[in-house]
Structures are given as C-alpha cells and as structure tokens.
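The values are calculated or read from the model by the stated rules, or taken from the named source; none is laboratory data. Since the model is a prediction, treat every value here as computed from it, not as a measurement. So basically every Cβ, Gly included, is an ideal-geometry build from the backbone, and we count neighbours across all protein chains shown.
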Amino acid sequence: MSLLAPGSPRDRRIGITLMCVVALCYSCLDAAAKYLVVTLPVVQVVWLRFLTHAVLGVVVLAPNYGLRLFRVQHPRLQLLRGIMLAGMTGLNIWALVYLQLDITAAIQFSVPILVAVISARWLGERLDGPRWIAILAGFGGVLLIVRPGSSAFHPAIFLSIGNAILYALFNLLTRRLAASELPAATQLMSAIIPSVLLAPFGLFVWRAPDGWWSWVLVLSLGLFGGMGHLAAALAYRYASAAVLGPFIYQQIIYMGLLGWLVFGHVPDALVVLGAAVVVGSGLFLLYREFRH
C-alpha cells in the first residue's frame, strides 16, 4: 500500500477499529500511571512502563516472529522514534502528577489537528478552506481547556502541550515506518530503546512498589502500552493519518470515566465545552476526508 494513497473502504474500517483499541489502551495506561506516581518516582514509572512492555513483547511475539522481531529496515528512525516516545511519555506522566486525566486527554486531542497541519506542510496533503476553519476552531477549543491566565491554569499544562507536539510528530514517523517495517518489530523497538536509555535513571531512584496491587498496575503498563503501540503500527498500514487521527477523540470518554471512578475527578463546564469543540473539529476533518 502506498504511504499517501487512500486505502479501500475495508482498509479504512480496519484502521479505524485498530485506532479505537489504541484509545482504550492508552486511557488505561494513563490511569495506571497516575495511580502509581502517587508512591513512585516519575522516572521509575516511565522506565517500568517500557521495561514491562519490552519483556511482555518478547514473550508474546517471539514464538511467532522469531529473529524477525529484531530486524528493522531503518534503525536510525527506530532510534529516533524510541527517543521521542520516551520523551513524550515522561512529559505525559509528569503532567499527570498535577493534572486530571480529562485535562491531559483534552490537550492531547490537538494531536490530530497538529497531524493535519504537519501533513499539509511537509507531506503535501491538501487542506481546503473548511478544513483550515476546523483546525482553527480546534485550537480555540484547546484554549478553552487550557485557559491561560486564569486561576484554573497550571504550569504542568505546558508538559501536556509538549507531549502533544511530540505525539503528532511521533504519529507521522510511525506512519513513515509502517510502509516498510514489520509492525511487531516497530512496537518492540519502541519499548526496548526507551527501557535501555532510561535504565540508569530508573535504577538510581528505585523504590519498591507497595503491595501486590501496585505490581499488577506495573505489569499493566507494559500490557496496555504494548497493545496500544502494536495496534497503532498496524492501523497506519490501512489508513491515512487524517482518517485515523479523529478517532483518538473517544479517549475523552474513557479518561473521564476512569478519572471519576478511580480518582473522583469531574471535568468542569469549560473543559467539556473545549473538548466538544476539539472533537467537533476533528469529526469535521474526518467527514471531509471521507467525502474526498
């Protein structure tokens, strides 16, 4: 499949289904990480997230793929992708120390909008007037969520914004690699590289998880991270970034529900309004893509 050519309707449906799996996995991952950073250092949680992902990935995937798991066509791009993933995960989990799940999720909703802008600028994908209006409206929705200068503003929001920018670039790089790399190899490299890079820092601040439930959550970091990244790598083989991006918006449902059930957090009216504007802009971009 050509990297930029539109896929068949069947391919798009497969890609969209995989992206729905990604949204659910990432929501559970963030909830588990937010729970763990109450008692464990942030860098340790980030390292354990990738270490468990790498170990589980080898155990689950090696019987089917063998040495193909460790053969990549673009090692430099895989290294860059691993570094980007370590950075954006660290920013996200650090932000979760101070922000509610729904706030970080809502800011991440700017990712599909950023992907559309970057795709138009560097990948040559055409964006007409209505799409640009939707993009501007989406950024307006983000401002409603962030509310710079108000009492609701927290400096940790900048961590979430940095994560969103890195995530947009990360998605485009994933799309680039999806055309030539084995998805299982890509998702495993995305765990092995950060786990190696972060090992000295994670061991330096090591603090033993408290009780069996904390260990269950530690293992779930790798499970949800691995499933999410494998589903994302597969999704970009079937559909374009413009098609898949808006479906990550459903993450606000999962994040809001988990935030309420686990942490007792209820989003305020402006967060809901801002998220609705961003979601609406993304859905409009999706509608225009399907019409095209």
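Return the residues of segment 202-211 that are surrounded by 15 or more Cβ atoms within 10 Å (Cβ to Cβ) and in a helix (DSSP H, G or I); say none if nothing qualifies.
Kept after step one, since they are surrounded by 15 or more Cβ atoms within 10 Å (Cβ to Cβ), are these residues of segment 202-211: 202, 209.
Hit for segment 202-211 is GLY202, nothing else.
Would you mind listing the helices (runs of 4 or more DSSP H) fully within segment 34-136 where at least 2 residues are among the acidic types (Asp, Glu) and either more than 16 Å from the chain's Cα centre (by Cα) or surrounded by fewer than 19 Cβ atoms within 10 Å (Cβ to Cβ) (or both)?
In segment 34-136, no matching helices (runs of 4 or more DSSP H) lie anywhere.
Mind listing whichever residues of segment 239-269 are at pLDDT 85 or above and in a loop (DSSP other than H, G, I, E, B)?
GLY264
Per-residue answers, yes or no, for (1) basic (Lys, Arg); (2) under 20 Å from the mean Cα position of the chain (by Cα); (3) farther than 21 Å from VAL60 by Cα:
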residue	(1), (2), (3)
ASN171	no, yes, yes
ALA184	no, yes, no
VAL196	no, no, no
GLY202	no, no, yes
GLY211	no, no, yes
VAL216	no, no, no
LEU219	no, yes, no
LEU223	no, yes, no
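Taking the conditions exactly as written (at pLDDT 90 or above, closer than 24 Å to THR104 by Cα and among the small types (Gly, Ala, Ser)), does SER220 satisfy them or not?
yes
If a residue must be among the aliphatic types (A, V, I, L, M), surrounded by fewer than 21 Cβ atoms within 10 Å (Cβ to Cβ) and in contact with a helix residue (DSSP H, G or I) (Cβ under 9 Å, 6 or more places away or on another chain), how many such residues does segment 167-183 contain?
Matching residues across segment 167-183 total 5.
Quick one: would you say CYS20 is within 30 Å of PHE153 (Cβ to Cβ) and part of a helix (DSSP H, G or I)?
Working: within 30 Å of PHE153 (Cβ to Cβ): no; part of a helix (DSSP H, G or I): yes.
Here the answer is no, as CYS20 does not meet what is asked.
Working carefully through the options LEU69, LEU24, find the one that is over 30 Å from PHE139 (Cβ atoms) and touching a residue at least 12 places away in the same chain (Cβ under 8 Å).
None of the others qualify; the one that does is LEU69.
Residues that are touching a Ser or Thr at 6+ places or on another chain (Cβ under 8 Å) and touching a residue at least 40 places away in the same chain (Cβ under 8 Å): does segment 199-206 have at least one?
No - not one qualifying residue is present in segment 199-206.
Would you check if ILE192 is without any contact (Cβ under 8 Å) to a residue 40 or more places away in the chain and surrounded by fewer than 23 Cβ atoms within 10 Å (Cβ to Cβ)? Full working, then the answer.
Details: without any contact (Cβ under 8 Å) to a residue 40 or more places away in the chain: no; surrounded by fewer than 23 Cβ atoms within 10 Å (Cβ to Cβ): yes.
It is false that ILE192 is without any contact (Cβ under 8 Å) to a residue 40 or more places away in the chain and surrounded by fewer than 23 Cβ atoms within 10 Å (Cβ to Cβ).
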